[in-house]
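Engineer: This structure is in structure tokens; I'll ask about it shortly.
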Amino acid sequence: EKLDSPLLGFSVDASDTQAAEKTAAAAESYARQENIRGLDNAVSPMHGKVRIELIRVQVSQTEAEKYTPDLSTTTSATQGLKVGQNFLLKVTNDNKVQDVYAATLMLGSSGRVELITSNPRGTLLHAGDSVIITQFPRLIGLPEGLETYKVFASTSPDVDYRVFEQPGASKDVVSSAFEWVLNQTV
């Protein structure tokens, strides 16, 4: 893949004594994000049943907590959003029978991995239901670049998704094969 800009917007002065360490940390962040971005369990019975969507919102200039969703902009496809726009994330469980625990991650253009879901083990999402993951709209800001929102779903309430936020961290004890795979990814 050809990069037209510095890796995660990263640059370092050649005279910096910590240049090698900083460069290695940026490369590690990039590799970790690509591992997470590429996770897809195509054989799971839940594959394609849990989806994430972006909903553009207009935020009131007078009251920061008031916003109006523009449901016509709801999409799960890649889309260009401009700096200064706001949006919410909506996760839907299209399976009409199985409840799941859904966790949403943000892979930021700065290299950061953030667990957005307030419960580190995922939000209980009943069969056929939807939930707005962020209670307040997120703001598109600098640095610009590829930002990915990814949802993971499990039927188990015991999978701990905080491992994604902590580089180099892994748990010795795992509750499921799915959690083992997640630990191997990071």
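The values are calculated or read from the model by the stated rules, or taken from the named source; none is laboratory data. Computed from a predicted model, the values in this text were never measured in an experiment. For the accessible areas, the whole protein counts, side chains as well, though only heavy atoms, and no ligand, DNA or RNA atoms are used. Shrake-Rupley method; radii C 1.70, N 1.55, O 1.52, S 1.80 Å.
Engineer: Given a 1.4 Å probe and the protein chains all in place, what does the accessible area of Val163 round to, in Å² to the nearest 10?
Structural biologist: 10 Å²
Engineer: Now, a different point. Using only the heavy atoms of the protein chains and a 1.4 Å probe, how would Glu34, Glu21 rank by accessible area, largest first? Mind dumping the intermediate values first?
Structural biologist: On the way: Glu34 65, Glu21 105 Å².
Highest to lowest solvent-accessible surface, that is Glu21, Glu34.
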